[in-house]
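The values are calculated or read from the model by the stated rules, or taken from the named source; none is laboratory data. Source: prediction; values computed, not measured. Note that we place each Cβ from the backbone using ideal geometry, even for glycine, and neighbour counts take in every protein chain shown. Keep in mind that these areas ignore ligands, DNA and RNA; they rest on the heavy atoms of the full protein, side chains included. Shrake-Rupley method; radii C 1.70, N 1.55, O 1.52, S 1.80 Å.
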Amino acid sequence: MTIEYLKTSKPQDERAEDDAKVRATVEATLKDIETRGDAAISDLSQKFDGFTRPSFRLSESEIEAAMQKVSTRDMEDIRFAQTQVRNFAEAQRASMTDIEVETMPGVILGHKNIPVQSVGCYVPGGKFPMVASAHMSVLTASVAGVPRIVASAPPVNGEPHPAIVAAMKMGGAHEIYVLGGIQAVGAMAVGTETIDPVHMLVGPGNAFVAEAKRQLYGRVGIDLFAGPTETMVIADDTVDAELCATDLLGQAEHGYNSPAAMITNSRKLAEETLREIDRLLEIIPTAETARTSWEEYGDMILCDTHEEMLQVANDMAYEHVQIMTDRDDWYLEKMHSYGALFLGPRTNVANGDKVIGTNHTLPTKKAGRYTGGLWVGKFLKTHSYQKVTTDEAATLIGEYGSRLCMLEGFVGHAEQCNVRVRRYGGINVPYGAAAPYREAAE
């Protein structure tokens, strides 16, 4: 195997140092929120956002006033995007059915899909007001049937961002807060004097938000670890440098630590893409951010074959994977570790982020090895149940259960089975003994 790095990102040990600093900051901040509640939230909001108010929850009149500031065209665009997201989420929900089966005479097993009862949806808005994140979390939770949906986003220019508020309200949020960062997810998960805690946190965010969710996991559920965005381009010589460079920098502009990687088997395309990136960084308005991300977190990887490209891509397990090759469906079949795939030159990550209908809250930092992205199913808990309806089934299952419990030394467990064998089968089983085989009992 020949894999050549024409450009490499910041070494892993330097990234680990950054992560350690984030962990310490988050741990101290969450402890402060848990100790001081609303007072801590107010102080943190003032510190990080220069914003405070007696109550961070928006009233219905404030929500209406914010929505009035959104232009007609923007409202139409939000409605269009939410229609696409809702359509796909409803199709996903319809695919998840409750089941009940009789596995043997008198034994009925089933499961029910029950919505999580309260969800906190975080919508980022620091560097960019991510209106689309409201569709992805709030609206999808609404389709799932979550009865209490709490949404929070930071202030923008000292006030609630009108389009974000509109998207939250139209998506089905029951409570809307003007809070950002650690203080937002901490308040929703831990609770304060004025904010009831939720059962689950969802939504993307920066490194601090992702780390806060990681530390809060267990106390509440989370959708996934969705930190700084990652983008990968897998391309061969069927496409050109402009498409590749644009797709890389289009995501690198998210923040100063947004990884972007390209994997190709064409040295010519790789070198041309590197030059095109340099050219674009001289003209795009977000060049300052994109340049830092590319310089510190960008990789250009040259492979010999598509098989090598596939292996590298699966090992890296990036969030967004843009595939532009002569065998896109081959990658669709073979890829197993990623957030979402974007197949062919007509497709792009931005459409997935904003409007096409799939969810843009996706796993980062190799979490795609064990989870997919946010979807309607994340808001549903699949709970099983059992029912035995005949004496014969109670006796038969009880006999097997008794012996298997005794095999493990669980006498009390075995007696739960034995009492049924005695009561419904008329078979006398002494306490502390395994139920006999039916043939012996007869």
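Rounded to the nearest 5, what is the percent of antiparallel bridges among the DSSP beta bridges in segment 33-161?
Percentage antiparallel, nearest 5: 55.
How much length, in nm to one decimal, is gained on full extension between Tyr370 and Gln117, taken as 0.36 nm per residue of separation minus their Cα-Cα distance? Present the calculation step by step, with values, prior to reporting the outcome.
Details: separation 253, 0.36 × 253 = 91.08 nm, distance 2.48 nm.
That works out to 88.6 nm of additional length.
With the crude spin-label approximation of a point 7 Å out along Cα→Cβ, what separation in nm comes out for Arg403 versus Tyr217?
4.2 nm
Please report the spacing between the Cα centers of segment 58-75 and segment 163-177 in Å, no decimals.
10 Å
Could you work out what % of the accessible surface of the chain is carbon and sulfur, using a 1.4 angstrom probe and leaving DNA, RNA and ligands out of the count? Kindly include the intermediate steps, with their values, before the conclusion.
Working: 10590 of 20720 Å².
Heavy-atom surface of the chain belonging to carbon and sulfur, 1.4 Å probe: 51 percent.
Run the simple label-point estimate for Met96 and Asp329 please: 7 Å along Cα→C-beta, distance reported in nm.
Label at Met96, label at Asp329, 3.0 nm between them.
On the first, second and third principal axes, largest extent first, how far apart are the outermost C-alpha atoms of the chain in Å?
88, 62, 43
Please work out how much accessible surface Leu396 shows to a 1.4 Å probe, ignoring ligands, DNA and RNA, in Å² rounded to 10.
Approximately 50 Å² of Leu396 is accessible to the 1.4 Å probe.
Per residue, how much accessible area does segment 328-442 have with a 1.4 Å probe, in Å²?
Values: 6670 Å² over 115 residues.
Value for segment 328-442: 58 Å² per residue.
Which percent, to the nearest 5, of DSSP beta bridges fully inside the chain are antiparallel? Could the numbers behind the result be given before it?
Working: 20 of 54 bridges.
Among the beta bridges of the chain, antiparallel pairing accounts for roughly 35 percent.
For all pairs of alpha-carbon atoms in segment 44-91, what percent lies in each bin of width 5 Å, listed from the first bin to the last filled one?
5, 16, 12, 14, 17, 16, 13, 6, 1
What is the ratio of the Cα radius of gyration of segment 51-119 to 2.2 N^0.38 Å, with N the residue count, to two decimals? Provide the component values of the computation, followed by the final result.
Details: Rg = 21.5 Å, N = 69, 2.2 N^0.38 = 11.0 Å.
Cα-based Rg divided by the globular estimate yields 1.96.
Once you've got the Cα coordinates, tell me which of Lys10/Lys268; Lys69/Lys378; Lys334/Lys365; Lys7/Lys365; Lys213/Lys354 are over 30 Å apart. Walk me through the numbers before you get to the answer.
Working: Lys10/Lys268 24 Å; Lys69/Lys378 33 Å; Lys334/Lys365 20 Å; Lys7/Lys365 20 Å; Lys213/Lys354 23 Å.
Correct reply: Lys69/Lys378.
Among all the aspartates and glutamates, which ones have a C-alpha under 20 Å from Lys169's C-alpha, if same-chain residues fewer than 8 places away are not counted?
Hits, sequence-local ones excluded: Glu60, Glu62, Glu64, Asp74, Glu76, Asp77, Glu90, Glu159, Asp196, Asp353.
Hand me the trypsin sites (Lys or Arg not before Pro) from segment 171-249 located in a DSSP loop with no more than 16 other Cβ atoms within 10 Å, in residue order please.
Values: sites: Lys213, Arg214, Arg219; in loops: Arg219.
Listed in order of number, the matching sites are Arg219.
Within segment 339-422, list the chymotrypsin sites (Phe, Trp or Tyr not before Pro) lying in a DSSP loop whose Cβ has at most 11 other Cβ atoms in a 10 Å radius. It would help to have the intermediate numbers written out before the result.
Values: sites: Phe342, Tyr370, Trp375, Phe379, Tyr385, Tyr400, Phe410; in loops: Tyr370, Trp375, Phe410.
Those that pass, being in a loop and sparsely packed, are Tyr370.
Which of the aspartates and glutamates could a cross-linker span from Lys381 if the Cα-Cα distance has to be under 15 Å and same-chain partners fewer than 8 positions apart are dropped?
Asp98, Asp223
With a 1.4 Å probe and all protein chains in place, put Val85, Val355, Val190 in order of accessible area, largest first.
Working: Val85 5, Val355 45, Val190 25 Å².
Reading off the accessible areas and sorting them downward yields Val355, Val190, Val85.
Across segment 217-293, what fraction of all alpha-carbon pairs, as a whole percent, falls in each successive 5 Å bin from zero upward?
3, 16, 24, 20, 14, 9, 5, 4, 3, 2, 0
Where in segment 399-425 does the amide nitrogen come within less than 16 Å of the point 7 Å from the Cα of Tyr437, taken along Cα to Cβ?
From segment 399-425, the list is 399-404.
Just for the Cα atoms in segment 277-425, what are the lengths along the principal axes, largest first, rounded to whole Å?
83, 35, 30
Can you give the Kirkwood hydrodynamic radius for segment 342-442, in Å, rounded to one decimal and based on Cα pairs? Show your work: numbers first, answer last.
Details: mean 1/r = 0.0555 Å⁻¹.
So the Kirkwood estimate lands at 18.0 Å.
For segment 118-171, what does the accessible surface come to per residue with a 1.4 Å probe? Please give it in Å². Walk me through the numbers before you get to the answer.
Numbers: 1280 Å² over 54 residues.
Counting only protein heavy atoms, the per-residue value for segment 118-171 is 24 Å².
Fully extended, how many nm does the chain gain between Asp196 and Glu60 (0.36 nm per residue separation, minus their Cα-Cα distance)?
Numbers: separation 136, 0.36 × 136 = 48.96 nm, distance 1.83 nm.
Between Asp196 and Glu60, full extension yields 47.1 nm more.
Suppose every K and R has +1 on its Cβ and every D and E has -1 on its Cβ; what is the size of the dipole of the chain about the Cα centre, in Debye to the nearest 20?
1460 debye
Give me the accessible area of Ser55, 1.4 Å probe, in Å² rounded to the nearest 10.
60 Å²
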